[in-house]
Amino acid sequence: MKKSTLLLIVLFTIASACKNDSATPTESTKEKLLTSKKVNSTVKKAPKIKSLNKEQLSTFFPDYLGSHKQFDIFAYAQESLATASYGSFDNSYNYSLSDGIENTAIVKNFEATYQSKLIGPEGTQYIRQERNGYKTLAFLQPKINRYSIEFIYKNRFKLVLEGPEVPDILWSYIKEEDLKKLDNY
């Protein structure tokens, strides 16, 4: 009984000593807290850049891709994604814009795919090529007459143009003045 009482007294003494030490911070701890508060108060937070809204997504697309008139736009603001359709049912083109400001996987996945040695299914082909200073990834499906070209603009926006023409012609439809519209965001 004496041993257990003595053990309880020792534990109680140790616990109360630890409690007292943490309740009164040392001068060093006080200095660190004051310095931390000064640094935090002088650092200005950068304004948060927001994803494009539905209107901003929709106004990016030109009225025409070459001679192909736009006939529809689908914008999904929650995913910062929009697609414009051009041409006709028999000869359609889809031009997509994805904003990667909040979903950085958009840019990372493009970079990973561009760097990979990805080989498509039989009868298809991937082409990695730099065009006008942009890394582009083209996917060719000649058996079904569908081609696409994609790239990243300003390390934020992923653009994909898909249609029945080869990547060089698809690339000619992407105009620098249209891309410059994204510079304001």
- Query: Residues of segment 171-185 being open to solvent by less than 70 Å² (accessible area, probe 1.4 Å) and without any contact (Cβ under 8 Å) to a residue 40 or more places away in the chain, which ones?
  - Reply: Ile174, Leu179, Asp183
- Note on the structure: Log entry, pairs with first residue in segment 75-98 being within 17 Å of Phe151 (Cα to Cα), second being charged (D, E, K, R) and open to solvent by less than 30 Å² (accessible area, probe 1.4 Å), beta carbons closer than 8 Å, six or more apart or on different chains, reads Ser80/Asp99; Leu81/Asp99
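Give the number of residues within segment 122-177 that are among the small types (Gly, Ala, Ser) and farther than 22 Å from Ala112 by Cβ. Step through it out loud before you land on a result.
Quick first cut of segment 122-177, residues among the small types (Gly, Ala, Ser) only: 123, 133, 138, 148, 163, 172.
Narrowing the set further to residues that are farther than 22 Å from Ala112 by Cβ leaves 123, 163, 172.
Adding up the residues that qualify gives 3.
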- Mind checking which residues of segment 56-82 are over 21 Å from the mean Cα position of the chain (by Cα), surrounded by fewer than 21 Cβ atoms within 10 Å (Cβ to Cβ) and in a strand (DSSP E or B)? Tyr64, His68, Lys69, Gln70, Phe71, Asp72, Ile73
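Restrict the check to segment 118-133 and report whether at least one residue is at negative phi, part of a loop (DSSP other than H, G, I, E, B) and in contact with a helix residue (DSSP H, G or I) (Cβ under 9 Å, 6 or more places away or on another chain). Break it down into steps so the answer makes sense when it comes.
The first filter runs over segment 118-133 and keeps only residues at negative phi, leaving 118-122, 124-131.
Narrowing further to those that are part of a loop (DSSP other than H, G, I, E, B): 118-122, 124.
Now restrict to residues that are in contact with a helix residue (DSSP H, G or I) (Cβ under 9 Å, 6 or more places away or on another chain): 124.
Scanning segment 118-133, I find at least one residue that is at negative phi, part of a loop (DSSP other than H, G, I, E, B) and in contact with a helix residue (DSSP H, G or I) (Cβ under 9 Å, 6 or more places away or on another chain), so the answer is yes.
Is there a residue being over 17 Å from the mean Cα position of the chain (by Cα), in a strand (DSSP E or B), surrounded by 16 or more Cβ atoms within 10 Å (Cβ to Cβ) and not aromatic (Phe, Trp, Tyr) anywhere in segment 151-160?
Let us first name the residues in segment 151-160 that are over 17 Å from the mean Cα position of the chain (by Cα), namely none.
No, every residue in segment 151-160 fails to be over 17 Å from the mean Cα position of the chain (by Cα), in a strand (DSSP E or B), surrounded by 16 or more Cβ atoms within 10 Å (Cβ to Cβ) and not aromatic (Phe, Trp, Tyr).
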- Item | segment 129-145, residues that are farther than 24 Å from Leu57 by Cβ, open to solvent by 30 Å² or more (accessible area, probe 1.4 Å) and in contact with a strand residue (DSSP E or B) (Cβ under 9 Å, 6 or more places away or on another chain) | Gln129, Glu130, Gln141, Pro142
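The values are calculated or read from the model by the stated rules, or taken from the named source; none is laboratory data. Everything quoted here is computed from the prediction, not taken from an experiment. Here the Cβ is made from the backbone with ideal geometry for all residues, glycine too, and neighbour counts use every protein chain on show. Each accessible area value is taken on the protein alone, full model and side chains, heavy atoms only, with ligands, DNA and RNA left out. Shrake-Rupley method; radii C 1.70, N 1.55, O 1.52, S 1.80 Å.
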